[in-house]
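Peer 1: Dumping the structure here so I can ask a few things about it.
The values are calculated or read from the model by the stated rules, or taken from the named source; none is laboratory data. All values derive from a computational prediction rather than experimental measurement. Reconstructed Cβ throughout: ideal geometry from the backbone, glycine too, with neighbour counts over all protein chains shown. In case anyone asks, the SASA skips ligands and DNA or RNA and just uses the protein heavy atoms, side chains included. Shrake-Rupley method; radii C 1.70, N 1.55, O 1.52, S 1.80 Å.
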Amino acid sequence: MLLLVASLCACRSEPPRPPADAGIISAGPFGDAVRRGRALLVATRDSLPAHVGNRLRCVSCHLDEGRRENGSWVGVFARYPQYRARSGAIETIEYRVNDCFRRSMNGTALDPASRDMADIVTYFAFLSRGTPVGPPLPGARLQQWAGFTADTAAGGRLFATACAKCHRPDGQGTAAGPPTWGPASYNVGAGMTRVRTAAEFIRRSMPFDQPGTLTDQQAFDVAAYVNAQPRPDYRDKENDWPNGDPPPDVAYPTRAAQQKKPIPR
C-alpha cells in the first residue's frame with residue numbers, strides 16, 4: 001500500500017508528458033485517421049464488439065502498438081498485396097486484417113470498404129512510411145525451431161511459474177495478460193496455434209516484463225503446452241493451404257495435404 005501511494009504521489013508531482021506521437025502524427029484528416037486506427041487496434045474488443053469473439057486485442061500479439069520487432073506492423077503496408085500459401089491466393093492488406101479478425105480474434109470480418117478498415121490501414125501506412133515497397137525479405141525465421149522436440153510437461157511447469165501471474169494458472173487471462181486458451185482465446189485457425197510461431201513470439205516477447213529471458217527450449221515447451229490446450233474451432237480450416245503445402249507444425253489436417261499423400265500399396 002505504501003508503494004502504491006508513493007507511486008501515485010510521484011506521478012502527481014511530475015509535469016504532464018506529451019503522448020509518444022506528439023509532433024509526429026500530423027493534424028488534419030490523415031492524422032485523425034491514424035489515431036483512430038491505432039485506437040481500434042489497441043482497444044479492439046471495446047471498439048468493435050460485433051467483430052471480436054474473444055478477449056484478445058490486436059495488440060495482444062502485436063506489442064507496443066505494433067512497433068515491437070516480433071509481430072511488427074512497421075512495413076506491412078508496403079508488402080501487400082502478396083501471395084500467401086495459407087489461402088493460396090493474392091491477398092490484399094484488408095483481407096489479411098480480416099483473416100486476423102476471423103482467426104486470432106475468433107470473430108467476424110469488417111467491411112473492407114468501411115471507415116474502420118480504412119483507419120486501421122491508414123495506421124499501418126503511417127507506421128510504414130519510408131519502407132520500400134516489395135515482398136518480405138527471404139528468410140527461414142521459423143526454421144530454427146525444426147530440430148526441437150517439445151516437452152509439454154516441462155512447458156506446463158514453466159507456465160505455472162513464469163506465465164500464470166499474467167495469464168492465470170488456468171490460462172484464462174487477467175487484466176495484465178490475455179487468455180491463452182479456452183473459449184476467450186484465439187481459435188485453432190490462428191497462426192499462433194503453430195508451435196513454431198508461438199515459440200518465436202514467446203522467446204522474443206515473453207514474459208512481458210522480462211522478454212528474452214527464456215531459453216529456446218523453454219519457449220518451445222511453453223508454446224507446445226499452451227497449444228495442447230482446448231480452444232475454439234475454426235470453420236473451414238481443412239481448406240487452408242489449398243495447394244497441399246502446409247507447414248509441418250500446422251495444428252490440423254488440411255484436405256489438400258491429405259489428397260496429396262501417396263496411396264499405400
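Peer 1: So the check is Cβ under 8 Å with 6+ separation or different chains; which pairs have a first residue in region 180-203 that's touching a residue at least 24 places away in the same chain (Cβ under 8 Å) and a second one that's among the acidic types (Asp, Glu) and in a loop (DSSP other than H, G, I, E, B)?
Peer 2: Hits for this filter: 182/170; 187/233; 188/233; 189/240; 194/249; 195/249; 196/249; 197/249.
Peer 1: If I ask for residues that are closer than 27 Å to residue 53 by Cβ, open to solvent by 40 Å² or more (accessible area, probe 1.4 Å) and in contact (Cβ under 8 Å) with a residue 60 or more places away in the chain, which ones from region 209-237 would you list?
Peer 2: 225, 228
Peer 1: Can you find a residue that is in contact (Cβ under 8 Å) with a residue 40 or more places away in the chain and open to solvent by 80 Å² or more (accessible area, probe 1.4 Å) anywhere in region 127-134? Don't jump to the end; show me each part of the working.
Peer 2: Step one: list which residues in region 127-134 are in contact (Cβ under 8 Å) with a residue 40 or more places away in the chain, which gives 127-128, 131-134.
Within this subset, residues satisfying the condition of being open to solvent by 80 Å² or more (accessible area, probe 1.4 Å) are 132-133.
Looking for residues that are in contact (Cβ under 8 Å) with a residue 40 or more places away in the chain and open to solvent by 80 Å² or more (accessible area, probe 1.4 Å), one finds at least one in region 127-134, hence yes.
Peer 1: Would you pick out the residues in region 20-70 that are in contact (Cβ under 8 Å) with a residue 60 or more places away in the chain and part of a loop (DSSP other than H, G, I, E, B)?
Peer 2: Passing the criteria: 25, 48, 53, 54, 55, 56, 57, 61, 67, 68, 69, 70.
Peer 1: In addition: Is it the case that residue 118 is of a type in the set (Gly, Ala, Ser), open to solvent by 40 Å² or more (accessible area, probe 1.4 Å) and more than 14 Å from residue 189 (Cβ to Cβ)?
Peer 2: yes
Peer 1: Among residues belonging to region 49-70 that are closer than 21 Å to residue 113 by Cα and surrounded by fewer than 20 Cβ atoms within 10 Å (Cβ to Cβ), point out the one that is nearest to the chain's Cα centre (by Cα).
Peer 2: Restricting attention to region 49-70, the residues satisfying the condition of being closer than 21 Å to residue 113 by Cα are 49-52, 58.
Now drop any that are not surrounded by fewer than 20 Cβ atoms within 10 Å (Cβ to Cβ), which leaves 49-51.
Working: 49: 18, 50: 19, 51: 16 Å.
My answer is 51.
Peer 1: Which of the numbered conditions does residue 73 fail, given that it passes all the others? Conditions: (1) part of a helix (DSSP H, G or I); (2) of a type outside the set (Ser, Thr, Tyr); (3) under 11 Å from the mean Cα position of the chain (by Cα); (4) over 21 Å from residue 175 (Cβ atoms).
Peer 2: (1)
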